[in-house]
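Q: Below is one structure. I have some questions about it.
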Amino acid sequence: MADIRLEGVGHSYDGGATWALKPMTWTWRSARAYALLGPSGCGKTTLLNIISGLLTPTVGRIWFDDREVTGVPTAGRNIAQVFQFPVLYEEMSVYDNLAFPLRNRKYPKNEVDQRVRQVSRLLGLDDLLRRRSRRLDPGRQQIVSLGRGLVRSQVAAVLLDEPLTVVDPALKWTLRSKLKEIHRDTGHTLIYVTHDQTEALTFADEVVVLNEGEMVQAGEPAELFLSPAHEFVGHFIGSPGMNMLPAEIVGGVVCVGQADVGTAAGQSGDGLPPGPVRIGVRPEFVRVTGARTSPGVAARVTGIDRMGAYDLVHTRVNGHPVIARTAAGSACRPDTVEFLHFPEERTFLFRDEVRCGSLAPLNGRDQA
């Protein structure tokens, strides 16, 4: 295991005209499980291939602990990488595929057998060890590929590039928990690339969010959900994502149309200058009432999604959509007017897409 340190690392495929990965400095701490999360084309795989040595960065340096590896090829970095689609020796048995990385490095025979059987048990491959890999369905083949990446106990890092894409959805939940179990057992540094927020939030100790080649926020899953530092994080994480509602700061008060919803508090607790902002609040925290109370915003209900365990109430405020997640059996009805309330501790203010503050109570006014 090793700390993997990036110093000003960036990459361009067209000589610097555009950046697939904008220069960034970041350290992946040894023995932690990371998820690298973002939409397609945001630079996740480029970053992973730079760490593995499949790609040399246009700028910057890479360190494994105190050893610079910027120009070191993949074979010299002591990493394991699992790709999006299966990479196997199809004529070999499942057992031999799992054993190959260990045999190639001259591990003792008993240790090879112990590690292969341990990983196969965790991944549910015990009954398939003697079967040829080409006789497996693509999902099972990918699980074997995953096992090949995890079977080595002493590697600097295990890099996983959307490894569950071809796996049956019913198996994904099980495999994510098995990955965490293997991580606890081996203490590997794991970097798991995905565009699926559920995979990222359930698997990782820390999630790194990329957008358009740039890291926009990194933190524990709860932090990204409860306290997004960027509008993109609020939108990308959560289902549905964070509501964003135009507002204005006037005399220190945050106004949505003619309604005052709170006062503006900056990041350090001081006030914010006047001007336009966007209110960010997750549907889980929007409260809906049928009577006007202060502070509250009038909203016209446009539809109800009955989700079973809860309802999603769709509304429009001054022409802008706002969703509230309520208890199942909501009394709201389409084309009626309800009032929305935003809790100060869960409502944030954004300027230029970056969080600049939060709501604070309206001084001297009754709170709903």
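Q: Quick one: count up the residues across the stretch 20-42 that are open to solvent by 10 Å² or more (accessible area, probe 1.4 Å), touching a residue at least 40 places away in the same chain (Cβ under 8 Å), in contact with a strand residue (DSSP E or B) (Cβ under 6 Å, 6 or more places away or on another chain) and more than 20 Å from GLU220 (Cα to Cα).
A: Final tally of qualifying residues: 2.
Q: Mind listing whichever residues of the stretch 58-68 are in contact with a Ser or Thr (Cβ under 6 Å, 6 or more places away or on another chain), part of a strand (DSSP E or B) and either outside the structural domain of GLY15 (by the TED database) or open to solvent by 50 Å² or more (accessible area, probe 1.4 Å) (or both)? Walk me through it before giving the result.
A: To start, the set of residues in the stretch 58-68 that are in contact with a Ser or Thr (Cβ under 6 Å, 6 or more places away or on another chain) comprises 58, 61-62.
Narrowing the set further to residues that are part of a strand (DSSP E or B) leaves 61-62.
Answer for the stretch 58-68, where residues must be in contact with a Ser or Thr (Cβ under 6 Å, 6 or more places away or on another chain), part of a strand (DSSP E or B) and either outside the structural domain of GLY15 (by the TED database) or open to solvent by 50 Å² or more (accessible area, probe 1.4 Å) (or both): just ARG61.
Q: Of the numbered conditions (1) modelled with pLDDT of 95 or more; (2) touching a Gly at 6+ places or on another chain (Cβ under 9 Å), ARG278 fails exactly one; give the number of that condition.
A: Failed condition: (2).
Q: If you don't mind, there's one more thing I want to ask. Can you tell me how many residues within the stretch 229-252 are open to solvent by less than 30 Å² (accessible area, probe 1.4 Å) and acidic (Asp, Glu)?
A: Looking only at that region, the number is 1.
Q: Quickly run through the stretch 18-57 and pick out the residues that are in a strand (DSSP E or B), within 15 Å of the chain's Cα centre (by Cα) and farther than 21 Å from THR186 by Cβ.
A: LEU37
Q: So, of the residues in the stretch 253-270 that are without any contact (Cβ under 8 Å) to a residue 40 or more places away in the chain and open to solvent by less than 30 Å² (accessible area, probe 1.4 Å), which turns out to be nearest to LEU340 (Cα to Cα)?
A: Restricting attention to the stretch 253-270, the residues satisfying the condition of being without any contact (Cβ under 8 Å) to a residue 40 or more places away in the chain are 255, 258-259, 268-270.
Subset that is open to solvent by less than 30 Å² (accessible area, probe 1.4 Å): 255, 259.
Details: CYS255: 13, ALA259: 11 Å.
Across the stretch 253-270, the extreme among qualifying residues is ALA259.
Q: Among the residues of the stretch 162-204, how many are in contact with a Lys or Arg (Cβ under 6 Å, 6 or more places away or on another chain) and touching a residue at least 60 places away in the same chain (Cβ under 8 Å)?
A: Pass one, the stretch 162-204, residues in contact with a Lys or Arg (Cβ under 6 Å, 6 or more places away or on another chain): 164, 193, 202-203.
The next check asks that each one be touching a residue at least 60 places away in the same chain (Cβ under 8 Å); those that pass are 193, 203.
Of the residues in the stretch 162-204, 2 are in contact with a Lys or Arg (Cβ under 6 Å, 6 or more places away or on another chain) and touching a residue at least 60 places away in the same chain (Cβ under 8 Å).
Q: Still on this structure, I have one more. Looking only at helices (runs of 4 or more DSSP H) that lie completely in the stretch 69-170, which have at least 2 residues being surrounded by fewer than 16 Cβ atoms within 10 Å (Cβ to Cβ)?
A: By residue number, 109-123.
Q: Of all residues in the stretch 251-261, which are closer than 20 Å to VAL322 by Cα and either not in a strand (DSSP E or B) or not assigned by the TED database to the domain that holds THR347 (or both)? Quick ask: steps written out before the conclusion?
A: Initial filter on the stretch 251-261 (closer than 20 Å to VAL322 by Cα): 254-261.
Listed by number, the residues that qualify are GLY257, GLN258.
Q: Can you give me the number of residues within the stretch 279-300 that are open to solvent by 50 Å² or more (accessible area, probe 1.4 Å) and out of contact with any helix residue (DSSP H, G or I) (no Cβ under 7 Å at 6 or more places or on another chain)?
A: Here is the first cut: in the stretch 279-300, the ones open to solvent by 50 Å² or more (accessible area, probe 1.4 Å) are 284-285, 287, 290-294, 300.
Checking which are out of contact with any helix residue (DSSP H, G or I) (no Cβ under 7 Å at 6 or more places or on another chain) leaves us with 284, 287, 290-294, 300.
Total satisfying the criteria: 8.
Q: Would the stretch 187-207 turn up any residue that is surrounded by fewer than 16 Cβ atoms within 10 Å (Cβ to Cβ) and at pLDDT 90 or above?
A: Yes, the conditions are met somewhere in the stretch 187-207.
Q: Could you grab the pairs with beta carbons closer than 9 Å, sequence gap of 6+ or different chains, first residue in the stretch 99-128 and in the same structural domain as SER145 (by the TED database) and free of Cβ contacts under 8 Å to residues at least 24 places away in the same chain, second one open to solvent by less than 60 Å² (accessible area, probe 1.4 Å) and of a type in the set (Asp, Glu)?
A: ARG103/ASP96
Q: Identify the single condition in (1) open to solvent by less than 10 Å² (accessible area, probe 1.4 Å); (2) touching an Asp or Glu at 6+ places or on another chain (Cβ under 7 Å); (3) of a type outside the set (A, V, I, L, M, F, W, C) that ARG176 does not satisfy, given that it satisfies every other one.
A: All conditions pass for ARG176, except number (1).
The values are calculated or read from the model by the stated rules, or taken from the named source; none is laboratory data. Keep in mind that what you see is a predicted model, and the values were worked out from it rather than measured. Cβ: placed from backbone, ideal geometry, glycine included. Neighbour counts: every protein chain shown. Side chains included, ligands, DNA and RNA excluded: accessible areas come from the protein's heavy atoms. Shrake-Rupley method; radii C 1.70, N 1.55, O 1.52, S 1.80 Å.
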